[in-house]
Amino acid sequence: MNNKLLSVSVAAYNVEKTIEQCLDSFIQSKKLDLFEVLVVNDGSNDNTKKIVSAYVKKYPNTIRLIDKKNGGHGSTINAAVKTASGKYFKVVDGDDWVDTDAFDRLLEFLKTTDADLILNNYQEVYPKRKKQIDVIRHYAVDKIYSFDDMDPLYCLPMHATTIKLSKYRAVNESISEHRFYVDTEYVAFVAVAAKTVIFNEECVYQYRLGESGQSVSPEGMYKHIEDLIFVVERLTNFYFEKANNISPIYKKYILSIIDTRYNMIFGCFVSFKKSDKDWMLEKFDRKMITQYPTIAKKVNLYNKKCIRWNYRIILPVLRFLKNII
């Protein structure tokens with residue numbers, strides 16, 4: 001394929017039920033020559049590869065299949081980054097899709113800007129309702145900002161981001177593999193990559209939610225809480241590795257990510273129905289307090305901070321109170 005304006009990485013693991021909706025939203029575009037879709041088959045054992053192969057055969061200049069052993073969501077991004085040819089790079093999950101008309105307008109916009117990072121509103125799609133997420137907030141549309149002008153508490157959603165590929169590659173970090181919740185790592189690296197930011201009004205990404213078994217469902221969070229803990233520890237290491245080479249605003253931004261995810265971990269444990277993993281919270285928090293006290297002690301845990309008084313007593317009490325309220 002010749003160099004494209006945009007490369008889209010599509011993570012595909014056992015998505016035979018949704019991948020057609022995803023790919024159809026791209027091939028219905030009127031601007032197929034401007035972008036490539038890199039479908040990374042992450043060791044699927046259903047018909048995902050067969051379905052995608054049919055699209056590759058029909059749209060060889062737009063759809064490309066990267067077939068690899070299972071390595072998790074992070075590995076699909078890593079694989080796509082290595083082979084992408086676009087000026088810009090965007091990540092879409094194989095069970096999500098884009099609004100085709102909005103996507104086409106985004107492509108036209110990308111032709112006119114040289115900003116490092118483009119941010120769009122996106123839509124959460126539940127089985128019986130939809131909710132547009134306002135990413136733009138108080139920022140002006142189509143105005144280029146320095147990242148230093150951004151609110152350090154502003155959290156970049158993966159679904160909203162389109163990053164200049166050369167800038168992302170220059171960060172020289174790979175996403176953790178065989179882990180869930182690594183979109184947190186991705187947006188942290190995107191933030192460090194971006195020196196300039198622009199907001200675009202198109203609502204492109206359609207984010208499927210509310211399905212049982214998703215990693216963000218309550219049962220998914222319980223099953224994979226170890227991965228969220230791992231990601232927070234890795235981002236903390238990343239922060240200290242980069243602390244001397246990044247500006248104060250980037251430091252504050254990464255710290256805000258760590259803060260929200262740290263708080264999320266405590267919230268998850270309070271919400272869990274089971275207690276057999278409670279020891280993980282105590283081990284994680286004590287490790288952070290010992291190794292990174294300046295971060296761990298400043299994390300805003302709100303009323304959950306009292307868990308630190310006695311993990312094995314206070315955590316079950318808060319869980320009980322949450323379940324009866």
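The values are calculated or read from the model by the stated rules, or taken from the named source; none is laboratory data. It should be emphasised that the depicted structure is a prediction, and the values quoted were computed from it without experimental measurement. Positions of Cβ are generated from backbone atoms using ideal geometry, with glycine treated the same way; all protein chains shown enter the neighbour counts.
Descriptive notes on the structure:
- Filter pass, Phe320 being surrounded by fewer than 16 Cβ atoms within 10 Å (Cβ to Cβ) and closer than 27 Å to Ser146 by Cα: no
- Close pairs (8 angstrom Cβ cut-off, 6 or more residues apart or separate chains): assigned by TED's automatic domain parsing to the domain that holds Lys50 and polar (S, T, N, Q) in region 19-33, crowded, with 17+ Cβ neighbours inside 10 Å and not in a helix (DSSP H, G or I) anywhere: Gln21/Trp97; Ser25/Trp97; Ser25/Val98; Ser25/Asp99; Ser25/Gln206; Ser29/Phe35
- Of note, Ile289 satisfies the criterion of being surrounded by fewer than 16 Cβ atoms within 10 Å (Cβ to Cβ) and either of a type in the set (Val, Ile, Thr) or at pLDDT below 95 (or both).
- Note on region 299-325: residues that are in a loop (DSSP other than H, G, I, E, B) and either modelled with pLDDT of 95 or more or closer than 21 Å to Ile254 by Cα (or both) amount to 4.
- Every residue from region 24-81 that is assigned to a helix (DSSP H, G or I), buried (at least 23 other Cβ atoms within 10 Å of the Cβ) and of a type in the set (Val, Ile, Thr): Thr48, Val52, Thr76, Ile77
- Subset of region 239-256 (residues that are over 18 Å from Lys297 (Cα atoms) and buried (at least 18 other Cβ atoms within 10 Å of the Cβ)): Tyr250
- Selection status of Lys305, over 16 Å from Leu228 (Cβ atoms), surrounded by fewer than 16 Cβ atoms within 10 Å (Cβ to Cβ) and in contact with a Ser or Thr (Cβ under 7 Å, 6 or more places away or on another chain): no
- Filtered residues of region 94-125 (kept if within 22 Å of the chain's Cα centre (by Cα) and among the hydroxyl-bearing types (Ser, Thr, Tyr)): Thr100, Tyr122
- All positions within region 150-187 that are in contact with a Lys or Arg (Cβ under 7 Å, 6 or more places away or on another chain) and either more than 20 Å from Ile198 (Cα to Cα) or part of a loop (DSSP other than H, G, I, E, B) (or both): Pro152, Ser176, Thr184, Glu185
- Among the residues examined, Ser256 does not qualify as of a type outside the set (Lys, Arg), closer than 15 Å to Lys223 by Cα and within 23 Å of the chain's Cα centre (by Cα).
- Top-ranked residue in region 264-298 [being under 28 Å from Ser146 (Cβ atoms) and part of a helix (DSSP H, G or I); ranked as farthest from the chain's Cα centre (by Cα)]: Thr294
- Selected residue (criterion: nearest to Lys283 (Cα to Cα)) from residues of region 220-263 that are small (Gly, Ala, Ser) and not in a helix (DSSP H, G or I): Ala243
- Checked against the criterion of being part of a helix (DSSP H, G or I) and either surrounded by fewer than 19 Cβ atoms within 10 Å (Cβ to Cβ) or touching a Gly at 6+ places or on another chain (Cβ under 9 Å) (or both), region 208-219 has at least one qualifying residue.
- Filtered residue count, region 1-23, keeping only those that are part of a helix (DSSP H, G or I) and aliphatic (A, V, I, L, M): 2
- Screening region 89-149 for strands (runs of 3 or more DSSP E) wholly inside it with 3 or more residues that are in contact (Cβ under 8 Å) with a residue 24 or more places away in the chain and in the same structural domain as Leu23 (by TED's automatic domain parsing) returns the ranges 117-120, 122-125, 144-146.
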